[in-house]
1. Criterion first (without any contact (Cβ under 8 Å) to a residue 12 or more places away in the chain, over 28 Å from the mean Cα position of the chain (by Cα), outside any loop (DSSP other than H, G, I, E, B) and more than 18 Å from V429 (Cβ to Cβ)) does A338 satisfy it?
2. Inside the range 268-282, can you point out the residues that are surrounded by fewer than 16 Cβ atoms within 10 Å (Cβ to Cβ) and either free of Cβ contacts under 8 Å to residues at least 40 places away in the same chain or outside any helix (DSSP H, G or I) (or both)?
3. All but one of (1) within 30 Å of S262 (Cβ to Cβ); (2) outside any helix (DSSP H, G or I) hold for A411, so report the exception by its number.
4. Quick one: in the range 107-122, of everything that is in contact with a Leu (Cβ under 8 Å, 6 or more places away or on another chain) and either among the polar types (S, T, N, Q) or part of a helix (DSSP H, G or I) (or both), which residue is nearest to D82 (Cα to Cα)?
5. Name the single residue, out of those in the range 409-425 being at pLDDT 95 or above and touching a strand residue (DSSP E or B) at 6+ places or on another chain (Cβ under 8 Å), that is farthest from G396 (Cα to Cα).
6. For the range 480-497, enumerate the residues that are surrounded by 19 or more Cβ atoms within 10 Å (Cβ to Cβ) and either under 33 Å from the mean Cα position of the chain (by Cα) or not aromatic (F, W, Y) (or both).
7. Considering only residues that are of a type in the set (A, V, I, L, M) and outside any strand (DSSP E or B), look in the range 151-176 and name the one that is surrounded by the fewest Cβ atoms within 10 Å (Cβ to Cβ).
8. P441: on the phi < 0 side of the Ramachandran plot, in contact with a Pro (Cβ under 6 Å, 6 or more places away or on another chain) and not in a helix (DSSP H, G or I), yes or no?
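The values are calculated or read from the model by the stated rules, or taken from the named source; none is laboratory data. All figures in this text were calculated on a predicted structure; none of them were measured in a lab. Here the Cβ positions follow ideal geometry from the backbone for every residue, glycine too, while neighbour counts run over all protein chains shown.
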Amino acid sequence: MRSRTAPSLALAAAVALAIAGCSPSIGGGEADEEPTPVQGEVSAPAEPTAVIAATAGPALAVGASQALFASAPLAVVADGDDPAAQLRGASAAVALGVPLLLDGDDAALTAELERLGTEDVLAVGAVELPGGDGESAAEDGTADGAPAVVPAPADDEALAELLGGSAGEPVAVEEGSEAAAVGALERGEFRALVPVGAAAQPEPTSTDDDDDAELPPSTPAEPVTDVVVMSTGAAADVAAVATARAAGADVLVVPGGDPRASSESVQALAERAPAHVLALGDAFGDADTLGWRAATAATGVELPGGGQLVFPGKRYVALYGTPSTTALGVLGEQDVPATIERAAEHAAPYQALTEDTVVPALEIIATVASAGAGGDGNYSNELAVESLRPLVDAAGEAGQYVVLDLQPGRASFLEQAQLYSELLALPHVGLALDPEWNLGPDETHMVQIGSVTSAEINEVVDWLADFTRENALPQKLLVLHQFQVRMIQHIGEVDLSRTELAVLIHADGQGGQGAKQDTWATLRASAPGVEWWGWKNFYDEDLPMLSPEETMRVQPMPHFVSYQ
């Protein structure tokens with residue numbers, strides 16, 4: 001690549017005087033014309049949602065440039081192996097409003113510079129650009145027609161002057177927060193980003209012309225609108241994030257890659273309601289997955305405890321029973337206001353025992369196993385939606401989660417779940433399946449202990465996950481009750497892949513604590529793929545019932561604790 005040296009002093013003076021409203025002349029002739037600043041052109045991503053499914057910084061940088069810039073006569077290229085140089089390059093690129101690319105993949109870098117129509121490159125660090133015969137970017141002897149290269153000064157003030165501004169105070173960047181720091185840069189302003197503990201600023205490339213090197217006059221492209229770029233915060237995202245900010249896109253750091261995960265990301269998307277979302281890295285899944293997750297987050301609706309994911313970061317303490325009777329658990333022992341208050345009282349002691357947010361909850365038996373067949377012959381009494389609505393609504397208003405428990409008898413879990421779609425359409429309502437009360441065609445309650453196949457569970461998983469996605473609802477909790485391994489047949493085939501749901505196995509064993517712990521261990525060993533587990537405390541049947549402190553010493557610590 002060829003090196004760009006400084007324009008003549010007369011030209012520099014002409015630019016300065018033109019800014020002041022003067023028109024200088026040289027040798028009595030006509031005044032020199034002010035050079036027209038070069039300007040690139042930004043572009044929104046081609047699709048409403050897109051994912052750059054790369055992991056390496058150079059590939060992510062090229063992907064972001066391709067998605068957000070149609071052209072860039074001026075670009076910044078930084079050393080792909082030097083994190084400090086990349087931060088410095090990010091500061092320069094955002095200040096100039098131009099893409100930041102990284103060396104390391106000659107073919108991709110050359111192709112992108114050609115696509116952008118780049119004529120001038122600001123090189124930050126020991127950059128190796130294609131066509132340089134192995135020499136640094138600023139060395140002579142490079143191919144004709146390649147962009148001219150200006151090495152970036154190592155001094156902040158000198159670099160700021162080269163960019164046409166002032167340096168200001170440098171910003172110290174902690175390890176792990178590099179992408180977030182770049183995402184906070186203001187377009188058109190130079191702020192040096194310096195890694196905490198860095199021994200020195202990156203060494204610049206140098207030539208005999210460096211003292212006179214200048215960039216051509218330039219102006220940032222018109223900013224892109226209605227675009228949010230998501231990053232997990234990985235250090236490899238720095239250059240791509242810088243390009244996003246240079247183009248004018250908002251940057252949202254989403255650790256883990258799911259925008260539903262935190263209140264911050266949910267509210268940020270709800271506030272911006274972007275027309276385009278571009279994600280950096282394969283942690284975001286494919287474009288379809290990103291699309292429905294982002295659309296859900298953009299509703300701004302959150303679960304009790306914050307965000308739109310049931311787990312991690314939350315634990316639930318629930319009252320179990322049904323409002324129609326006191327015989328099935330403590331939930332039915334008082335009226336609606338007292339039930340809400342009692343749920344909060346049960347949950348309160350747990351907050352001091354975990355760093356997670358403790359959410360009060362209600363597990364309401366919506367379909368109650370019956371000793372008789374009933375008019376429909378299914379040995380299950382389905383409570384009317386209208387009868388449950390006051391308690392469900394009161395829980396939502398109080399910031400409590402609700403689980404609707406199904407005891408289907410000879411009906412199917414799926415047909416009973418669909419009866420309560422009106423309640424499941426509420427963001428704070430999940431579902432529980434109780435196989436103990438799931439009968440075969442010739443079985444009756446209290447004669448046989450029921451069971452369920454993985455295929456029957458997966459019917460509910462598919463329906464509930466689709467329902468959740470189609471209605472842009474926060475993730476739903478799906479509880480599977482169990483106290484014998486046989487109660488869930490082929491448990492390893494239960495579909496845990498649908499991230500619209502969080503599937504939890506709830507250990508329902510009662511009696512002496514030794515037996516309960518044995519049941520807990522046996523159930524967990526039978527389902528190693530299940531991440532979330534629940535524990536039930538029985539007031540009358542446990543010998544003795546565990547205190548909150550004792551309950552939270554169960555290993556692994558339960559994510560859902562209910563009281564019956």
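1. Details: without any contact (Cβ under 8 Å) to a residue 12 or more places away in the chain: yes; over 28 Å from the mean Cα position of the chain (by Cα): yes; outside any loop (DSSP other than H, G, I, E, B): yes; more than 18 Å from V429 (Cβ to Cβ): yes.
Criteria met by A338.
2. A270, E271, A273, A275
3. (1)
4. The initial filter retains those residues of the range 107-122 that are in contact with a Leu (Cβ under 8 Å, 6 or more places away or on another chain), namely 109, 112-113, 118-122.
Going one step further and asking which of them are either among the polar types (S, T, N, Q) or part of a helix (DSSP H, G or I) (or both), we end up with 109, 112-113, 118.
On the way: L109: 17, E112: 21, L113: 21, T118: 23 Å.
Only one residue tops the list, namely L109.
5. Across the range 409-425, the extreme among qualifying residues is F413.
6. L480, H481, Q482, M487, I488, I491, V494 - these are the residues of the range 480-497 that are surrounded by 19 or more Cβ atoms within 10 Å (Cβ to Cβ) and either under 33 Å from the mean Cα position of the chain (by Cα) or not aromatic (F, W, Y) (or both).
7. The initial filter retains those residues of the range 151-176 that are of a type in the set (A, V, I, L, M), namely 152, 154, 158-160, 162-163, 167, 171-173.
If we keep only those that are outside any strand (DSSP E or B) as well, we get 152, 154, 158-160, 162-163, 167.
Values: A152: 30, A154: 16, A158: 14, L159: 23, A160: 21, L162: 20, L163: 22, A167: 17.
So, considering only residues that are of a type in the set (A, V, I, L, M) and outside any strand (DSSP E or B), the one surrounded by the fewest Cβ atoms within 10 Å (Cβ to Cβ) is A158.
8. Numbers: on the phi < 0 side of the Ramachandran plot: yes; in contact with a Pro (Cβ under 6 Å, 6 or more places away or on another chain): no; not in a helix (DSSP H, G or I): yes.
Taking the combined requirement at face value, the residue does not satisfy it.
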